[in-house]
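Colleague: Have a look at this one.
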Amino acid sequence: QAFPAGFHRLDKAVSVLEAAREPDPLNARILFELGSLHARQERWDEARELLGKSLAIEPKQPNAYAVLSSIDLASGDGVAFVRNQLRAIEVDPADHEHAAVLAMFLYELGLLEEADDFRNRVRSIAPTSAVAQQLEVLRALTIGDEEAAAARARIAIESDVPNRQSAFANAVTELLRVAVRAGEVDAALRFIEAQAPAIFDIDADSLPLKYRLAQASRAAN
C-alpha cells in the first residue's frame with residue numbers, strides 16, 4: 001500500500017496512520033512510517049519504540065536503521081549513530097548513501113582513514129553521485145586542503161548537483177566558508193550566481209528548494 005507522498009501537517013499524518021494501524025497492528029510498514037513521523041517531530045522515545053517494533057517484525061529495513069541513526073545523532077550518541085548506520089549498510093550494501101552518511105560523520109570527526117573506507121565504498125558504487133561529490137569536498141577540508149575543497153565545491157555547483165544529503169547547499173556553504181577565510185567572497189558569489197542565476201534573490205517568486213537552502217548558507221557566512 002502506498003501512503004500519501006506529502007502531508008501538510010504532521011499531526012494529521014500521525015492520525016491517518018494510527019487509524020490505519022488499528023486493524024493491522026503488526027504492519028511493519030505502518031509502524032515504520034509512524035516512527036519516522038515521530039522522529040520528524042522530535043518525539044524520540046515514541047519514534048524509537050515504533051521503529052523497534054517495526055524492525056522486530058521485519059529486520060531487513062535499512063531506512064529504519066537510518067532513521068534511528070538520525071535520532072541517535074540528534075541525541076548526541078555518536079556510538080549508536082555509527083552502529084545503526086552500519087546496520088543499514090549491512091542490510092542494504094548496494095545503497096551508497098548509507099555509507100556516505102557514515103563517511104561524512106567520520107570526516108567531521110577528523111577520522112580520515114576510517115572515513116576513507118566508506119568513501120571508497122561510495123566511489124565504487126556511485127562515483128558520480130551527489131554524495132560522492134560532497135565527500136570529496138569534506139575529505140579535502142579534513143586534510144586541510146582548502147584550495148582542493150573549493151575546487152571540488154565549484155565542480156559540484158557547476159554540475160548542478162542534486163541536493164541529496166544537502167550536497168548542493170553544502171557545496172555553496174563550503175565554497176563561501178573557504179572564500180571568507182581567503183578574502184575572496186565577492187569572486188565566490190559571482191561564480192555561484194553565474195552558475196545558478198537568482199540563487200541569492202530572496203524576493204524571487206519561484207526558486208528551487210536547494211537554492212533557498214543555499215540562501216541560508218550565505219546568511220550564515
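The values are calculated or read from the model by the stated rules, or taken from the named source; none is laboratory data. Remember, predicted model here, so these are calculated numbers, not experimental data. Quick reminder, even Gly has a Cβ in these numbers, built from the backbone with ideal geometry, and neighbours come from all protein chains shown. These accessible areas exclude ligands, DNA and RNA; they are computed on the full protein's heavy atoms, side chains included. Shrake-Rupley method; radii C 1.70, N 1.55, O 1.52, S 1.80 Å.
Colleague: Using a basic spin-label model with each label point 7 Å from the Cα along Cα→Cβ, how many nm lie between D45 and I143?
Modeller: 4.7
Colleague: Measuring with a 1.4 Å probe in the full set of protein chains, what accessible area per residue, in whole Å², belongs to the chain? List each step's numbers first, then the result.
Modeller: On the way: 11910 Å² over 221 residues.
The answer is 54 Å² per residue.
Colleague: Let me ask another. What are the equivalent ellipsoid semi-axes of the range 136-221, built from the alpha-carbon gyration tensor (square roots of five times its eigenvalues), in whole angstrom, biggest first?
Modeller: 20, 14, 10
Colleague: Between V180 and A204, what is the label-point separation in nm under the 7 Å Cα-to-beta-carbon projection?
Modeller: So the label points at A204 and V180 sit 2.2 nm apart.
Colleague: Ranked from highest to lowest mean number of other Cβ atoms within 10 Å per residue, what is the order of the peptides 76-82, 162-168, 106-112, 33-39?
Modeller: 33-39, 162-168, 106-112, 76-82
Colleague: Then there is this: For the Cα atoms of the chain, what angle does the longest principal axis make with the long axis of helix 209-220, in degrees from 0 to 90, nearest 10?
Modeller: With both axes taken from Cα atoms, the answer is about 60 degrees.
Colleague: Could you state the angle between the C-alpha long axis of helix 96-108 and the longest principal axis of the C-alpha atoms of the chain, as a value from 0 to 90 degrees rounded to the nearest 10?
Modeller: The answer is roughly 60 degrees.
Colleague: Can you give the relative contact order of the chain as a percent, counting alpha carbon pairs under 8 Å and 6+ residues apart?
Modeller: Values: 251 pairs, mean separation 21.5, N = 221.
Rounded, it is 10 percent for the chain.
Colleague: How many angstrom separate the Cα center of the range 18-67 from the Cα center of the range 126-163?
Modeller: That distance is 34 Å.
Colleague: Between rounded, prolate and oblate, where does the range 26-111 land on the alpha carbon gyration tensor, with a ≥ b ≥ c its root eigenvalues, rounded for a/c under 1.5, else prolate if a/b exceeds b/c?
Modeller: Oblate, because a/c is 1.5 or more while a/b does not exceed b/c.
Colleague: Once every DSSP H run of n ≥ 4 in the chain is given -39500 (n - 2.57) and the sum is divided by its residues, what mean residue ellipticity at 222 nm do you get, rounded to the nearest 500 deg cm²/dmol?
Modeller: Values: 12 runs with 158 residues, N = 221.
For the chain, the value works out to -22500 deg cm²/dmol.
Colleague: Counting only other residues whose beta carbon sits under 15 Å from that of I30, what net charge do I get with K and R as +1, D and E as -1? Spell out each step's value before the answer.
Modeller: Values: positive: R21, R29, K53; negative: E18, E22, D24, E33, E46, E49, E58.
Summing Lys/Arg as +1 and Asp/Glu as -1 gives -4.
Colleague: All other residues with a Cβ under 14 Å from the Cβ of K53 taken together, and with Lys, Arg as +1 and Asp, Glu as -1, what is their net charge?
Modeller: Details: positive: R21, R29, R48; negative: E18, D24, E33, D45, E46, E49, E58.
Residues close to K53 contribute a combined charge of -4.
Colleague: Output needed for the range 64-185: three equivalent-ellipsoid semi-axes, defined as square roots of 5 times the C-alpha gyration tensor eigenvalues, in descending order, whole Å.
Modeller: 25, 15, 13
Colleague: Same structure, new question: If you roll a 1.4 angstrom probe over the protein chains with everything in place, what fraction of the accessible area of the chain belongs to carbon and sulfur, to the nearest %?
Modeller: It is 50 percent, rounded to a whole number.
Colleague: Using only Cα atoms, tell me the angle between helix 10-21 and the longest principal axis of the chain; keep it within 0 to 90° and round to the nearest 10.
Modeller: 30
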